[in-house]
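I have placed the structure first, in the form of structure tokens, so that the comments after it can refer back to it.
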Amino acid sequence: MVNRIGCLLVLFISLGFSTGCQQTPAADQLYQQLGQQAGISQIVDGLLHEIEHDRQIVHHFRDTDIERFRKLLIEQLCELSGGPCKYTGVSMQESHTGFQISQADFDNLVRHLMKVMTAQNIAISAQNQLLGLLAPMYGDVVYR
């Protein structure tokens, strides 16, 4: 559960990940399971709503251009899941420098992402696949 939580928080806070993924049938299948572009946009919008109402983490987004953040997160999730998008943001490490994101902050965001995906009827297996793809970003997001 902690690995799954860590993976999702990295995803949302990340927006600095560039994969250069090659599309494989499995990766494209995840994109399909997430609902393609429309589904990913709904996931991101739901996550933004959750963040807005979470006093523990909302301060991390105080000076963030939310529309740009939304666009980049959609690109990132689309590319990561095997969709046709190309992520145009900076690296995870660069985008999170100075934010002092704690393990608790990260876990909170991941819980929100899981809640949103569950509410949108994303299969647990697809959620786990996405979390597995996001897990490697953890070290670049959480304050050390």
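Could you tell me which of the residues His96, His53 is of a type outside the set (A, V, I, L, M) and either surrounded by 12 or more Cβ atoms within 10 Å (Cβ to Cβ) or touching a Phe, Trp or Tyr at 6+ places or on another chain (Cβ under 7 Å) (or both)?
His96
Among the residues of region 6-43 satisfying the criterion of being in contact with a Ser or Thr (Cβ under 6 Å, 6 or more places away or on another chain) and modelled with pLDDT under 95, which is farthest from Gln120 (Cα to Cα)?
Gly16
Would you confirm whether any residue within region 110-125 is over 25 Å from Gly35 (Cα atoms), out of contact with any Cys (no Cβ under 6 Å at 6 or more places or on another chain), surrounded by 14 or more Cβ atoms within 10 Å (Cβ to Cβ) and not aliphatic (A, V, I, L, M)?
no
Given Asp28, Asp65, which one is surrounded by 14 or more Cβ atoms within 10 Å (Cβ to Cβ) and either among the polar types (S, T, N, Q) or out of contact with any Leu (no Cβ under 6 Å at 6 or more places or on another chain) (or both)?
Going through Asp28, Asp65 in turn, the sole match is Asp28.
Quickly run through region 44-102 and pick out the residues that are in contact (Cβ under 8 Å) with a residue 12 or more places away in the chain, of a type in the set (D, E, K, R) and in contact with a Ser or Thr (Cβ under 9 Å, 6 or more places away or on another chain).
Answer for region 44-102, where residues must be in contact (Cβ under 8 Å) with a residue 12 or more places away in the chain, of a type in the set (D, E, K, R) and in contact with a Ser or Thr (Cβ under 9 Å, 6 or more places away or on another chain): Arg70, Glu75, Glu79.
If we only count helices (runs of 4 or more DSSP H) wholly inside region 52-144, which ones have 3 or more residues that are of a type in the set (Val, Ile, Thr) and in contact with a strand residue (DSSP E or B) (Cβ under 9 Å, 6 or more places away or on another chain)?
none
The values are calculated or read from the model by the stated rules, or taken from the named source; none is laboratory data. Since this is a predicted model, take the numbers as computed values, not measurements. FYI the Cβ positions are ideal-geometry reconstructions off the backbone, even for glycines, and counts take in every protein chain you see.
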